[in-house]
Every structure is written in C-alpha cells, then in structure tokens.
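Heads up: the structure comes next, in structure tokens.
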Amino acid sequence: MVAKVRETGISQLRRGVLEFCVLALLRDGERYSYELVRSLGDADGLVTSEGTLYPLLGRLRREGVVDTTWRESPSGPPRRYYHLTPDGQAALDGFGAEWTRFRDSVDALLRNGAFR
Amino acid sequence: MTTDTLHPVAAKYLERLRRAARGLPPDRRRELLVEIEGHLSEAIDPSASEAQALTVLDKLGEPEAIIAAETPEPDELPTGRGTKEWAAIILLLLGGFIVGVGWIAGLVLLWTSCAWTTRDKWIGTLLVPGGLATGLLIGLIAIGAPTKKLCRAIDGGVPHCTNAASQSTPILGVVVFALLVLAPIATSVYLARRAAPEP
C-alpha cells in the first residue's frame, strides 16, 4: 500500500513535468510527433510508456500551448509538426523559473537533510 | 497508409488498441489511432524481425495504459458537465412531456456532446425512449384499460363499474411500470456521473 502511494507520487511528478519537457523540446523549432515521442522516450527515467505521450500531445493542442501543421514526409504518411504558441512560450518560461527553485530546494534537502 | 503495410506484430497491436479504444469519444479515438499507426509504421520496418518489433511495442506500452492516459481522470469529471450536458440530461428525462419534442431535442444534445462515449449515448437513448413520459403513459393505459372495460351503463340507470383491480391485480404491470419510471431516472444519474470534461 505504501509502495503504491510512493509509485503514484512519482508518476504524478513525472506527468506534471512531462508537458513542460514537450514545450522545452519545441523551444528551438518545430518537431513532429514521432520525433518528440522518441526524444522523450530515450531520456533516462522520464517516460515509462511512449504511447501515453500521444494523449499528452493532444491535450497540449487543445489547451492551445502548441499548434500543429501537417506536412508531407519524404517517406511514408504525412507528419504532424508541433510548434510553440505564445501561450506555450510563456508557460515554458514560467516553468523554467519555478523548476530551478523547486529543484534547488529538494536537492538541498536530499543532500543535507535541511534546506541549507 | 493502411494496416497492410504494417509489420504483422504491429498490425496485431493496433487491432488491440482499436478494440481497447471503443469507449473513447469518436474524434479522440480516431486521432489517437492515426498517431499510433504513424508511430508503428515509422518505428517498425515491415521486414524487421519479430524481436525488433516487440522491443518497439514494449517501449510504446500496453494499449490499456495508452487509453487510460487518454481517458479523463475521474476527479476532473464534475467540471465537465456544462449547460449543454445538463440540458440534455433534463430533456431526456422530462422532455417527453413537451409533446415528445423535448425528448428529441435532448437526444440531439446528447449525441452532439463530446462529454459522453458512444456506449453512454446508446444507454441514454435506449433507456427509455421518451423518458419518464413513456413510463407514465404506459402506466396510465395499463391502469385505465381494464377498469373501463368493466364499466356498464344500465338502461336508464347510473353507470355501474366493478373494481377491476380486485379481479386481477396486475403485479407484472406494476413491476413494468416501476421499471419504466426508475430506468430513466437511473439513466439520468448515470449520464450525469459519466459526463467527461468539456474539451
């Protein structure tokens, strides 16, 4: 039971942070779904099931932080390219600042058993 | 792009996903299947070995996990019932009393809403067509019919009625009547609980 609670905590943390990882991947330009999913999937400890990223991409689109364009691919079916909207850029900037504070506090606590 | 060009292992996986996705709203289901099919066709070459294909599928995760990620969280649900959804629920229950037209309007709202899955919409449609009005109408006919039959006007006298209920208390009729009244109410509660957040 306790193990389950911990596991839920980690997966919630992951889920909360993942959407900003998507936004960060788009910071330097557009990428298509498969590219995004593979980049996130290859990162260590970030994603347990690549397939669950597709629903996340859909949600970000509906929330208006990303926008998409279909383009022909040199091989195979057309690809859906994602890019940041101004809202998405603002969300990413906001997260960047919050994350640094959050990470520093938790790191200090884990390292020293206290916040300083 | 068709499933024919997919690796057999990938095609089987996509079929599992398609079945698992039945409960999703149609537009979400279609979109998700297109994305996953694109992933499979890009990640698994049709000539790849079965082991290579299975490795890709392992990373992709179980279809059920993907569907669960697409399905709204239960604690998000209460915010999902907008004016339209409440109107649909109320019209389906009581709209039958507005010359039946109200129920039809409720039906249109139900089927055009994104808040319910196709299965929920069928439940809302079939339990019970016409809503409460149907139950009450059938109930009135059932109670009224045998009583009328036994009313006889005696020549020049007062019409004489025998009590039909004493002859054959229609237990079955009462049960059916109760079900026809309870079913639409239960359906309304069900639809209200199942309504997903507005997209």
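The values are calculated or read from the model by the stated rules, or taken from the named source; none is laboratory data. Just so we're clear, the structure is a prediction, and the values are computed from it rather than from any experiment. No Cβ is skipped: glycine too gets one built from the backbone with ideal geometry, and neighbour counts run over all protein chains shown.
Brief remarks on what is shown
- Scope segment B:15-69; condition touching a residue at least 24 places away in the same chain (Cβ under 8 Å), assigned to a helix (DSSP H, G or I), more than 11 Å from chain A (Cβ to nearest Cβ) and in contact with a Ser or Thr (Cβ under 9 Å, 6 or more places away or on another chain); matching residues: B:Arg22, B:Gly23, B:Pro26
- Residue in segment A:86-99 that is on the phi < 0 side of the Ramachandran plot and assigned to a strand (DSSP E or B) present: no
- Residue match in segment B:107-115 (condition: among the hydroxyl-bearing types (Ser, Thr, Tyr) and closer than 21 Å to B:Leu179 by Cα): no
- Residue list for segment A:57-79, filter: facing chain B (nearest Cβ under 7 Å) and part of a helix (DSSP H, G or I): A:Gly58, A:Arg62
- The residue that is nearest to B:Glu42 (Cα to Cα), among those in segment A:72-107 that are basic (Lys, Arg) and loosely packed, with under 11 Cβ neighbours inside 10 Å, is A:Arg103.
- Residues in segment A:13-44 that are touching a strand residue (DSSP E or B) at 6+ places or on another chain (Cβ under 8 Å) and surrounded by 12 or more Cβ atoms within 10 Å (Cβ to Cβ): A:Val22, A:Leu23, A:Leu25, A:Leu26, A:Arg27, A:Glu30, A:Arg31, A:Tyr32, A:Ser33, A:Tyr34, A:Leu36, A:Ser39.
- Tallying residues that are within 12 Å of chain A (Cβ to nearest Cβ) and surrounded by fewer than 19 Cβ atoms within 10 Å (Cβ to Cβ) within segment B:4-13 yields 1.
- Test set (1) more than 11 Å from every other protein chain (Cβ to nearest Cβ); (2) within 19 Å of the chain's Cα centre (by Cα); (3) at pLDDT 85 or above - B:Pro78 fails condition number: (3)
- Close pairs from segment A:93-116: first in contact (Cβ under 8 Å) with a residue 60 or more places away in the chain, partner surrounded by 12 or more Cβ atoms within 10 Å (Cβ to Cβ) and part of a helix (DSSP H, G or I), Cβ under 7 Å, at least 6 apart: A:Phe95/A:Phe20
- Matching entry among A:Gly29, A:Gly45 (being under 15 Å from A:Gly88 (Cβ atoms), at pLDDT below 95 and assigned to a loop (DSSP other than H, G, I, E, B)): A:Gly29
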